[in-house]
Amino acid sequence: MNQEKLSPQQVQSMLTEGKPVLFLDVRDVEKYEAGSLHVEGRETHNIAYVAMRDNDKEALDRVDRLPQDVQIITVCTTGNKAGKAAQLLQERGRNAISLEGGMTAWNECVESKK
């Protein structure tokens, strides 16, 4: 994919089509535990962008264990850190792209479908 980010609608289409994706919440643990993007049958991981940016060894070890053959969708609250995290992941050989608008846009999209 040559896009910088995916809209919530594009992500939902990928899920409907059964494409393999992994969600990576790049917010701190407290925000992740308060509520993240969890889709049945799909993995969601949490590695804070700040730890990746600061070259935290544990965080980078976890990044290096992420699969290279799956689309990783980075998630944050509004999409800003997710975009930066996706770029860092790409630099480490991962197929990463951010969720446009983050959890805020995802929740609005999900609510509008109810």
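Calculated accessible area for the chain comes out at 57 Å² per residue, all protein chains present (probe 1.4 Å; ligands, DNA, RNA ignored). Note on Lys57: lysines with a C-alpha under 29 Å away, same-chain residues under 8 apart excluded, are Lys5, Lys31, Lys81, Lys84.
GNM on the chain, alpha-carbon springs under 10 angstrom: the most fluctuating residue among Ala86, Ala48, Ala34 is Ala34. Each Lys and Arg adds +1 at its Cβ and each Asp and Glu adds -1 at its Cβ; summed about the Cα centre, the chain shows a dipole of about 180 debye. Against the main long axis of the alpha-carbon atoms of the chain, helix 80-91 sits at an angle near 60°.
Dipole of the chain computed with +1 at Lys/Arg Cβ and -1 at Asp/Glu Cβ about the Cα centre; of Ala82, Leu6, Val50, farthest Cα towards the positive end is Leu6. Structural descriptor for the stretch 61-106: relative contact order 44 percent, calculated from alpha carbon pairs under 8 angstrom and at least 6 residues apart. The mean sequence separation of alpha-carbon pairs under 8 Å and at least six residues apart, normalised by the residue count of the chain, gives a relative contact order of 31 percent. Entry note, the stretch 6-69: relative contact order of 27 percent, from Cα contacts under 8 Å with a spacing of 6+ residues.
The values are calculated or read from the model by the stated rules, or taken from the named source; none is laboratory data. Owing to the predicted nature of the structure, the values given are computational and were not obtained by experimental measurement. All Cβ positions, glycine included, derive from the backbone under ideal geometry; neighbour counts span all protein chains shown. Side chains are part of the model used for accessible areas, which takes the heavy atoms of the whole protein and leaves out ligands, DNA and RNA. Shrake-Rupley method; radii C 1.70, N 1.55, O 1.52, S 1.80 Å.
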